[in-house]
Amino acid sequence: MPGRTISAGQDFQVSHYGTYNGEHYYQISTDEWIKGYDVTKVIKGNYNDVKITASNPRLYNDYLQNVSRSISGTFHVDASINGIDNNGNTIYGFRISTNEYVDQRDAV
């Protein structure tokens with residue numbers, strides 16, 4: 001349905017992925033596709049624990065907004081995330097708690 005608005009934070013199980021005119025799209029229903037830069041992709045699975053290696057690690061929430069708090073130590077990871085933040089930067093992270101991801105460059 002052209003022009004339909006989807007609320008931020010909605011979760012969708014994606015059935016297909018494709019490229020059209022150089023843009024990436026995800027299929028979210030039978031006849032609906034959403035542009036790749038409009039989504040944050042969360043990949044659930046079995047991951048190893050991660051150890052924070054940076055003294056001031058970059059943290060993000062589900063919307064790829066910065067989270068301001070200090071962390072250190074080792075965390076269990078049950079999902080990874082990737083998407084584009086408001087500045088156009090591609091972010092890859094590990095979920096270390098509900099709605100909180102550490103940048104992959106700051107952990108091993």
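Quick notes
- Local electrostatic count, Tyr26, Cβ distance below 13 Å [Lys/Arg +1, Asp/Glu -1]: -2
- Label-point separation, Ile6 to Tyr92 (7 Å along Cα→Cβ), nm: 2.4 nm
- Using bins of 10 Å that start at zero, the share of Cα-Cα pairs per bin across the stretch 41-106 amounts to 23, 59, 18, 0, in whole %.
- Net charge of neighbours whose Cβ lies under 14 Å from the Cβ of Ser70, counting Lys and Arg as +1 and Asp and Glu as -1: 0
- Using C-alpha pairs under 8 Å with a sequence gap of at least 6, the mean separation divided by the residue count of the stretch 1-59 gives a relative contact order of 19 percent.
- Over the stretch 41-106, Cα pairs under 8 Å with separation of 6+ residues give a relative contact order of 36 percent.
Taken together, the values in this text are just the output of simple stated rules run on the coordinates, not laboratory data. What you are looking at is a predicted structure, and each value in this text was computed from that prediction instead of being measured. Ideal geometry is used to build each Cβ from the backbone, glycine not excepted, and the neighbour counts take in all protein chains shown.
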